[in-house]
Each structure stands twice: as structure tokens, then as C-alpha cells.
Amino acid sequence: MAKNPWKEVADIILSHGATRVRKVDPRQVPTGEWVRLKCQFGCGGYGQCLTCPPHAPTPEETRKLLDDYSTGFLIYWGHEAGGRKALAEIERQVFLKGWYKAFALGSGPCELCRECDLEWPCNHPSQARPSMEACGIDVFQTARDAGFPIQVVTCHEDVPNFYSLLLVE
């Protein structure tokens, strides 16, 4: 591994189009049941793909996952949704550098298939990852804690901010 392995990970992330990246402690990333309920009672994508609730890990499972890691990278894509192909490639490259536990969480519903048939196995297991919010992560607080911009989208003219989380150990 490189002299500054975390810079190497950040450089990999930035080389795939991320606007900014910040190292975070996954054990400090907030989770909550309310986040998953927002998916269930507020998102038209609920139950429509294998990466969304009720198929995604529960907040309790996510808390256990986050607690298994000491390092994470919050990825800020800006106003462009971080492509799932880019995220999967970032995870792969970090894995190949020796961080065998590398795992990424995306944002928003999966768009790899026109329609998910909700049958196992997934048609794109090497690229599909659950979103942070689908797993119960409070993305707003996580972004704010990292000093990144995020606001509630109140109308169709508002442009959202997109985030992903790469877990590394």
C-alpha cells in the first residue's frame, strides 16, 4: 500500500468524477428507523428494486455494518447523481489495492435495469449497491457533519446534492 493510503483512496474516488471526498468515521454515521420510513412513505421507488427497502439492509443491520469499519469516505458528487458504474468501479479499484472489505453505498433508487424483476439473483450484482437512505443512514446529518452542502428539495426546480459512502478497512 502507498505511504498515504487514504490519499490514494481519495484520488481513486476523485478520478471517477466525484466533486469532493471527505474521510469519515463510519461509527459516527447516524442511522435511524425514520429514514427507512421516509423511503416507504415518500418515495415512489419503494419496493421497486432489490437495492431499496424492504429488500435493502435494515437500519439495525446497517448500524452493525458501519460499526465493523473504522474508515469511510463520504463522496460528494455535486448535483450529478453518482453513477452506479462509477461507484462499483471505485469499490473494485480500492479492493484491488488491498482493502478487501471495501464496500460502497450509493444514493437513490438503482437505475441499472429498466425494471427490476425483484427475483434473486440481481441481474447486475457487481454494480448494484443499496443507497445510504435505503439502509437507514441519515444522509442529511452525515453530509452536514462532513461540512458538505445539502438542503431539502422543495420543488422541481431545486437541484439535489448526491452522496455515496465508501467503507474501507
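What follows is calculated from the coordinates using simple rules that are stated; it is not laboratory data. Every value quoted in this text rests on a predicted model; they were computed, and no experiment measured them. Reconstructed Cβ throughout: ideal geometry from the backbone, glycine too, with neighbour counts over all protein chains shown.
Here are a few things to note about the model shown:
- Per-residue ellipticity at 222 nm from helix content only, as computed over the chain with -39500 (n - 2.57) for each DSSP H run of at least four residues, stands at -8000 deg cm²/dmol.
- Set of aspartates and glutamates with alpha-carbon distance to K23 below 14 Å, sequence-local pairs under 8 removed: E8, D11, D145, E169
- Convex hull volume of the Cα atoms of the range 90-158, normalised per residue: 153 Å³.
- Ordering of 5-11, 134-140 by packing is 134-140, 5-11, highest average first (other Cβ atoms within 10 Å, averaged per residue).
- If you run the Gaussian network model on the chain, springs between alpha carbon atoms under 10 Å, then out of T154, T62, T71 the most flexible one is T154.
- Under 19 Å of direct C-alpha separation, and excluding same-chain neighbours fewer than eight residues apart, K85 reaches these lysines: K97, K101.
- log10 of Debye I(q)/I(0), alpha-carbon scatterers only, for the chain at 0.12 Å⁻¹: -0.50
- T19-E157 FRET efficiency (beta carbon distance; Förster radius 25 Å; 0.05 resolution): 0.75
- Take the convex hull of the alpha carbons in the range 12-93; its mean projected area over all directions comes to 6.1 nm².
- Stretchable slack from L65 to N123, in nm (0.36 nm times residue separation minus alpha-carbon distance): 18.5 nm
- Against the rule of thumb 2.2 N^0.38 Å, how large the Cα Rg of the range 49-144 comes out: 1.07
- Gyration tensor over alpha-carbon atoms, the range 1-41, equivalent ellipsoid semi-axes in Å: 30, 14, 7
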